[in-house]
1. Going through Ile159, Ile154, Ile247, Ile214 one at a time, which residue ends up being open to solvent by 80 Å² or more (accessible area, probe 1.4 Å) and modelled with pLDDT of 85 or more?
2. I'd like to verify a number: residues in the range 291-331 that are modelled with pLDDT of 70 or more, over 22 Å from the mean Cα position of the chain (by Cα) and not in a helix (DSSP H, G or I), how many?
3. Only one of Ala146, Ala136 is free of Cβ contacts under 8 Å to residues at least 40 places away in the same chain and on the phi < 0 side of the Ramachandran plot. Can you tell me which?
4. Can you find, within the range 162-181, the residue that is farthest from Phe395 (Cα to Cα) among those that are at pLDDT 85 or above and either open to solvent by 40 Å² or more (accessible area, probe 1.4 Å) or basic (Lys, Arg) (or both)?
5. Which residues, counting only those in the range 219-240, are open to solvent by 90 Å² or more (accessible area, probe 1.4 Å) and in a loop (DSSP other than H, G, I, E, B)?
6. Here's a check for you: in the range 80-124, which residue that is surrounded by fewer than 24 Cβ atoms within 10 Å (Cβ to Cβ) and of a type in the set (A, V, I, L, M) is farthest from the chain's Cα centre (by Cα)?
7. Looking at this structure, is Val125 closer than 18 Å to Met408 by Cα and free of Cβ contacts under 8 Å to residues at least 24 places away in the same chain?
Amino acid sequence: MEIIANYGDILLVLAIVFGLFMAWGVGANDVANAMGTSVGSGAITIKQAIIIAVIFEFAGAVLAGGEVTATIRKGILDASIFTNDPHLLVYGMLASLLAAGFWLMIASSLGWPVSTTHSIVGAIVGFGAVGVGVDAVAWGKVGTIAMSWIVSPILAGSIAFVLFKSLQKLIIDTENPFDNAKRYVPFYMFLVGFVISLVTIFKGLKHVGLHFEIGVSYMLATGFGVLVAVIGTFFVRRIHLDVDENIDFHFTSMERVFGILMLITAAAMAFAHGSNDVANAIGPLAAIYGVIDSGGLIGSKSALPVSILLVGGAGIVFGLVTYGHKVIATIGTGITQLTPSRGFAATLAAAATVVVASGTGLPVSTTQVLVGAVLGVGLARGMAALNTRVINKIFLSWLITLPAGALMSILFFFTLKGIFGA
């Protein structure tokens, strides 16, 4: 306890600095994934992607980010073990932030889309099992999280596969793709609006203190979906067939219709991502804040000050602006060549998967979900459309992420313990 009393302020400052570093890594790696499909398909420019990310990541983090933060903070470790040594929890969470931040920095510089969720979960499990004791880790919970990492990319890939097949059948492989695009795209817009508003209602509005009955929730979501479709239709109507631009690529005018849809899905993905992944940077920070704020009590519910959510949001935006372009290139063009229609199918599938997972409080990896979805679209076009070299590199980097996060966090944990004393 006296360690917390003596060094509380220093530890809190360290926590905020490390939290910012981790959030910067999330921006450089994970947000780049969320935006990669839109930029890679040519629907939006990097500049537009950054503006969309700034607005919607922030909104997702602040409105809907609390549910997953609780899992990252409380679910993985058994807090009761730390009751007598609260400072160990603080060191461990500091070490986890630093370890995950470093690993994300290394991966981003190599252009690997690794998973922030894996990095931070690996780091927390690492310091818990080695620094404190194997009993400190709630292995059942870790098992559930690990399962979701296998299930989520498969789910996203399947949804993307089905979505893209429906696009091929209704629009792309028809006599008149442009007219059919104008006819059917509003229905897909409705889907996007529906999925995103559902996640906001089920997850986000709890924090603001709004609770709706299930029936009312679905009605509101349907209403919002219709609104998105109506606004989208207005813009789609203004796109006219330009015969000249279709000479080289038969679908250019059709893809312009999807460009508008892609803008909406990019915003949706950024929101879904903000709600799920900001928790990775903020969960440990919130845990440290809670322990120091209460003078060393553990398990007292740490109220999340909005300033902590803002630290996360700010760090993420900064990471995307400074370092995000490398990972955007991998996701956007490396795995399979994306066009707005393909990018749309992948992004909507990924957003839907994240929405389902976040609603159940599972920290899935947005990265894996997106890569799974992009693979699904590639498969719908046939195996030849996939770049297996890039895919192998991505899978390999996923395998390394857990042990890398764990090893670094163990190292940093003992270093901090040495500096501040046990």
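The values are calculated or read from the model by the stated rules, or taken from the named source; none is laboratory data. Small disclaimer: the values here were computed from a predicted structure and weren't measured. All Cβ positions, even for glycine, are placed from backbone atoms using ideal geometry, and neighbour counts span all protein chains on display. Heads up: the accessible areas ignore ligands, DNA and RNA and are worked out on the full protein's heavy atoms, side chains in. Shrake-Rupley method; radii C 1.70, N 1.55, O 1.52, S 1.80 Å.
1. Numbers: Ile159 fails: open to solvent by 80 Å² or more (accessible area, probe 1.4 Å); Ile247 fails: modelled with pLDDT of 85 or more; Ile214 fails: modelled with pLDDT of 85 or more.
Unique residue meeting the criteria: Ile154.
2. Count: 1.
3. Numbers: Ala136 fails: free of Cβ contacts under 8 Å to residues at least 40 places away in the same chain.
Unique residue meeting the criteria: Ala146.
4. Restricting to residues being at pLDDT 85 or above and either open to solvent by 40 Å² or more (accessible area, probe 1.4 Å) or basic (Lys, Arg) (or both), the top hit is Lys169.
5. Arg238, His240
6. So, considering only residues that are surrounded by fewer than 24 Cβ atoms within 10 Å (Cβ to Cβ) and of a type in the set (A, V, I, L, M), the one farthest from the chain's Cα centre (by Cα) is Ile81.
7. Numbers: closer than 18 Å to Met408 by Cα: yes; free of Cβ contacts under 8 Å to residues at least 24 places away in the same chain: no.
No, not satisfied.
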